[in-house]
Amino acid sequence: MLQATCTALICCLLFSACEQVDQTMQQTIGKRINSVGKVLPADAADAGQQIIRFMSPEPRSLDPSIYPYDTEATIFPFEPLLVKDESWTPVPAAANRWETEDGITWTFYLRPGMRWSDGSPLTAYDFVYSYRRILNPQSKNIYAFFYFDIKNAEALVKGEIDDMDALGIRAVDDTTLVIETEKPAPYLPHIVSFADAVPVPQRQVEKYGRKWTDPENIVTNSGFKVSEWVHGSHMTLVPDPFYNGPHKPYLEKVIHPFQDASAATILPYESDEVDIVGLDVTDLERIQRDPALKDELVRFHAMNTWYMFFRTQQPPFNDVRVREAVSRSLDRENMASAILQGGAIPAYSMIPPGFKEYEGTAHESYQGFSPDRARALMREAGYPNGRGFPKQELWMRAPNPSQRMVGVAIQSMLKQHLGINVEIRSADRSMYMNNLYKWNMNLGFIAFGADFLDPRSILDMIWHAQPRGVGRQDWTNPVFDQLVEEAASELDPVKRAELYRDASTVMAKDYPAAFLYHDIGLQLRKPWVKGYTTYGDGTVGAFKWARMYVAAEKD
């Protein structure tokens with residue numbers, strides 16, 4: 001009797017399984033799927049043609065959680081708890097859902113069955129290890145400040161406590177992760193959706209150290225994995241068959257031929273060697289004259305601000321009159337419209353277009369071009385027509401052609417309006433960032449791109465006072481610090497926006513930097529590259545590799 005019951009049960013299970021398979025086949029019949037079972041869009045080319053080539057600089061490492069400036073513009077083959085969608089809203093990734101009652105204790109529910117690219121299990125404990133590594137002082141992570149909202153993170157990084165178990169992140173079980181913050185942090189989903197807030201495989205890190213991301217050692221967890229990395233040539237990424245999340249790619253290959261950003265050219269694009277290429281505005285005029293290329297040009301809000309910062313705690317820039325004079329001598333309209341050919345928007349504060357808190361020209365009365373006022377301020381400060389003013393170096397980070405032109409324009413405007421002599425000093429990315437955090441620059445030209453769509457990212461993340469080695473610059477302003485601290489934990493969105501507006505005003509009036517322009521991102525994309533949204537203003541949404549595909553009809 002028991003045997004007959006078991007036989008009946010087995011038959012029932014087999015019938016049920018077959019019925020499910022039959023339903024799945026009916027759902028996918030007539031549809032084309034790729035190598036990881038994702039149904040291709042109706043207008044997509046066959047799976048074998050789902051290849052996109054995108055030129056980028058060669059990364060030094062693919063360890064973004066510790067070496068964020070080493071990864072360049074390649075795909076990060078790692079997935080954080082959440083990711084940003086095209087409109088920069090956090091959406092599920094490694095975590096299916098999340099909840100909080102007070103903005104302090106957050107619970108993230110990870111999807112079951114996650115695996116690393118080598119097939120081994122990935123759990124909430126891997127995230128605990130990875131966040132501890134990010135915030136371990138021995139890691140010397142220059143971006144550790146980004147996570148200071150997490151309970152005891154700042155104290156651990158600064159050596160005030162040394163027990164990593166005190167970090168406010170713990171695994172309840174394999175699929176439940178709890179993060180505690182110091183204060184209410186309504187933006188925490190943005191923090192954990194940061195592209196660098198990713199898990200890393202403990203066994204690989206501990207076995208290979210800095211070399212764990214070398215091609216023969218790397219283990220990842222996103223929809224893509226590295227299939228080859230030929231140093232000096234290219235990197236290829238392919239779908240990871242072990243990935244079971246919501247962001248499986250359509251593409252079968254993404255190939256990154258390597259090219260240094262400072263030597264960028266669109267010739268490989270014109271000769272059909274690549275499908276997507278980033279543009280420098282020096283190519284813009286020629287592209288707009290070309291009947292084919294102009295239709296392949298896309299624009300997007302780069303969510304960044306280019307600025308020239310001052311070392312404010314040493315002469316001559318410890319005098320706010322000098323800082324204001326320098327800022328007032330720079331013609332931002334000319335930079336944006338003439339030098340950058342409309343590829344930028346003049347900046348008068350730090351928050352860029354794309355943020356609802358963007359204020360346009362609200363701070364032009366402090367930061368705007370006014371050479372007469374600039375000269376008067378220099379006279380008051382004891383440097384009439386630049387007499388007695390020490391020669392300065394303007395540091396630039398691996399500048400591309402248009403950035404070099406802006407540097408030359410700054411040099412020329414300071415000489416013309418203030419009589420100041422400035423020499424341009426170019427440095428590669430590593431040298432520049434090393435000197436930046438050591439506060440070795442009197443004048444530095446750099447951009448900061450928002451990591452998430454909240455003023456916390458673009459204001460206090462980099463402008464709140466921090467010690468040397470942690471903060472980008474030496475500027476301190478207690479009023480600014482207090483305002484952004486209050487804003488960070490304020491749960492009322494109206495009050496929060498008010499506090500950030502006040503903080504922007506304080507900063508604009510104290511001149512830690514001359515805010516210059518906000519980039520409009522420019523790319524050429526072949527007509528067959530699909531999977532992105534075009535908005536009413538002609539700009540496109542954020543680039544999401546999991547959505548990209550190659551269309552069947554190639555114009």
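The values are calculated or read from the model by the stated rules, or taken from the named source; none is laboratory data. All figures in this text were calculated on a predicted structure; none of them were measured in a lab. Note: ideal-geometry Cβ built from the backbone for every residue, glycine included; neighbour counts use all protein chains shown.
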### Task
Just name the residue that is modelled with the lowest pLDDT out of those in segment 124-153 that are aromatic (Phe, Trp, Tyr) and more than 20 Å from residue 78 (Cα to Cα).
145
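For (1) modelled with pLDDT of 95 or more; (2) of a type in the set (D, E, K, R); (3) within 21 Å of residue 372 (Cβ to Cβ), each residue gets a yes or a no:
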{"residue": "320", "(1), (2), (3)": "yes, no, yes"}
{"residue": "324", "(1), (2), (3)": "yes, yes, yes"}
{"residue": "334", "(1), (2), (3)": "yes, no, yes"}
{"residue": "338", "(1), (2), (3)": "no, no, no"}
{"residue": "341", "(1), (2), (3)": "no, no, no"}
{"residue": "347", "(1), (2), (3)": "yes, no, no"}
{"residue": "350", "(1), (2), (3)": "yes, no, no"}
{"residue": "353", "(1), (2), (3)": "no, no, no"}
{"residue": "357", "(1), (2), (3)": "no, yes, no"}
### Message
Please count how many residues of segment 441-458 are part of a loop (DSSP other than H, G, I, E, B) and at pLDDT 95 or above.
### Response
2
### Query
Which condition number in (1) modelled with pLDDT of 95 or more; (2) part of a loop (DSSP other than H, G, I, E, B) is the one that residue 423 fails?
(2)
### Message
Considering only residues that are touching a residue at least 24 places away in the same chain (Cβ under 8 Å) and of a type outside the set (A, V, I, L, M), which ones fall in segment 275-294?
### Response
275, 278, 280, 282, 285
### Count of residues meeting criterion [buried (at least 19 other Cβ atoms within 10 Å of the Cβ) and free of Cβ contacts under 8 Å to residues at least 60 places away in the same chain] in segment 132-150
4
### Query
Would segment 98-115 turn up any residue that is closer than 16 Å to residue 243 by Cβ, loosely packed, with under 15 Cβ neighbours inside 10 Å and out of contact with any Pro (no Cβ under 6 Å at 6 or more places or on another chain)?
yes
## Note on the structure
By my count, helices (runs of 4 or more DSSP H) wholly in segment 276-377 with at least 2 residues that are in contact with a strand residue (DSSP E or B) (Cβ under 6 Å, 6 or more places away or on another chain) are 320-328
### Query
Could you list, in sequence order, the residues of segment 77-99 that are of a type in the set (Asp, Glu) and at pLDDT 95 or above?
79, 99
### Task
State whether one or more residues within segment 429-440 are over 30 Å from residue 188 (Cβ atoms), modelled with pLDDT under 95 and either among the small types (Gly, Ala, Ser) or outside the structural domain of residue 493 (by TED's automatic domain parsing) (or both).
yes
### Summary
From the option list 156, 110, single residue qualifying as out of contact with any Ser or Thr (no Cβ under 6 Å at 6 or more places or on another chain) and modelled with pLDDT of 95 or more is 156
### Task
Report the residue count in segment 387-418 for those that are of a type in the set (Val, Ile, Thr), out of contact with any helix residue (DSSP H, G or I) (no Cβ under 7 Å at 6 or more places or on another chain) and buried (at least 21 other Cβ atoms within 10 Å of the Cβ).
1
### Message
Out of 407, 354, 343, I need the residue that is under 30 Å from residue 278 (Cβ atoms) and in contact with a Pro (Cβ under 7 Å, 6 or more places away or on another chain). Which one?
### Response
407
### Message
Any residue that is buried (at least 22 other Cβ atoms within 10 Å of the Cβ), within 30 Å of residue 424 (Cβ to Cβ) and in contact with a Phe, Trp or Tyr (Cβ under 9 Å, 6 or more places away or on another chain) - is there at least one of those in segment 264-278?
### Response
yes
### Message
For segment 276-292: of the residues being farther than 29 Å from residue 38 by Cα and either of a type in the set (Lys, Arg) or within 22 Å of the chain's Cα centre (by Cα) (or both), which is modelled with the highest pLDDT?
### Response
289
### Query
Of these, 548, 507, 461, which one is over 30 Å from residue 225 (Cβ atoms), in contact with a strand residue (DSSP E or B) (Cβ under 9 Å, 6 or more places away or on another chain) and modelled with pLDDT of 95 or more?
507
### Summary
When every residue in segment 263-275 that is at pLDDT below 90 and not in a helix (DSSP H, G or I) is compared, the one nearest to the chain's Cα centre (by Cα) is 264
### Query
Regarding residue 470, is this residue surrounded by fewer than 23 Cβ atoms within 10 Å (Cβ to Cβ), outside the structural domain of residue 353 (by TED's automatic domain parsing) and under 23 Å from the mean Cα position of the chain (by Cα)?
no
## Note on the structure
Per the filter on segment 502-541, residues assigned to a helix (DSSP H, G or I) and surrounded by fewer than 21 Cβ atoms within 10 Å (Cβ to Cβ) are 502, 505, 506, 509, 510
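So that you can scan it fast, the table gives a plain yes or no per residue for (1) hydroxyl-bearing (Ser, Thr, Tyr); (2) assigned by TED's automatic domain parsing to the domain that holds residue 364; (3) part of a loop (DSSP other than H, G, I, E, B); (4) crowded, with 20+ Cβ neighbours inside 10 Å:
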site: 476; (1), (2), (3), (4): yes, yes, yes, no
site: 479; (1), (2), (3), (4): no, yes, no, no
site: 484; (1), (2), (3), (4): no, yes, no, yes
site: 500; (1), (2), (3), (4): yes, yes, no, yes
### Task
Out of 508, 546, 551, report the one residue that is of a type in the set (A, V, I, L, M), more than 28 Å from residue 331 (Cβ to Cβ) and touching a His at 6+ places or on another chain (Cβ under 9 Å).
546
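Yes/no per residue for (1) assigned by TED's automatic domain parsing to the domain that holds residue 130; (2) part of a helix (DSSP H, G or I):
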residue	(1), (2)
198	yes, no
204	yes, yes
227	no, no
235	no, no
### Message
Can you say whether residue 494 is assigned by TED's automatic domain parsing to the domain that holds residue 370 and at pLDDT 95 or above, as far as the supplied structure shows?
### Response
no
